[in-house]
Amino acid sequence: MTQRIAFLLAVTLFWCQPVSAETDPRTGLIIDTGWELVNGHCGACHSHKLVTGQRADRQTWLDIIRWMQATQNLWQFDPDTENKILDYLATNYPPLPNRRRAPIPPSLMPADSSDTVLSAED
């Protein structure tokens with residue numbers, strides 16, 4: 001069952017990419033203004049698939065960046081760099097209608113995942 005879900009997710013992500021957009025063969029990022037910044041800054045810590053698999057509006061992308069800065073030790077960007085990254089993400093990976101649930105609000109996220117331990121009885 002898990003393999004079937006993974007396969008369907010991979011197929012869905014593949015088909016969500018714009019057909020006319022040129023992508024970098026190494027990263028899968030859409031080649032457009034600002035893609036080098038996303039390649040360097042985002043790819044320094046995690047797979048580019050975490051970027052290409054997401055869809056969000058500009059504010060949600062900013063919220064994701066702020067979350068990574070607050071909890072994952074992502075460095076602060078100068079305003080120009082941050083704006084270019086947000087422009088790129090919002091333009092090339094916008095939300096798609098009926099494709100993804102709304103993000104979980106930060107107020108509903110656990111403070112620290114290491115505090116949550118389930119026992120065998122849970």
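Step by step: first the residues of the range 58-107, then only those that are aliphatic (A, V, I, L, M) and in contact with a helix residue (DSSP H, G or I) (Cβ under 8 Å, 6 or more places away or on another chain), then the one that is nearest to H48 (Cα to Cα). Which residue is that? Explain how you work it out, then say what you get.
The first filter runs over the range 58-107 and keeps only residues aliphatic (A, V, I, L, M), leaving 62, 64-65, 68, 70, 74, 85-86, 89-90, 96, 102, 104.
Cutting the leftovers down to in contact with a helix residue (DSSP H, G or I) (Cβ under 8 Å, 6 or more places away or on another chain) gives us 62, 65, 74, 85-86, 89-90, 96.
Working: L62: 17, I65: 14, L74: 15, I85: 14, L86: 15, L89: 12, A90: 16, L96: 19 Å.
Looking at the filtered set, the residue picked out is L89.
Among helices (runs of 4 or more DSSP H) lying entirely in the range 33-74, which contain 2 or more residues that are touching a residue at least 40 places away in the same chain (Cβ under 8 Å), closer than 16 Å to Y88 by Cβ and out of contact with any Pro (no Cβ under 9 Å at 6 or more places or on another chain)?
35-43, 49-52
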Original post:
Which one is nearest to the chain's Cα centre (by Cα) among residues in the range 33-76 that are loosely packed, with under 14 Cβ neighbours inside 10 Å and among the hydroxyl-bearing types (S, T, Y)?
Top reply: S47
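Each value in this text was obtained by applying a stated rule to the coordinates, not by laboratory testing. In this text the structure is predicted, and so the values were computed from the model without any measurement. Positions of Cβ are backbone-derived with ideal geometry, glycine not excepted, and every protein chain shown enters the neighbour counts.
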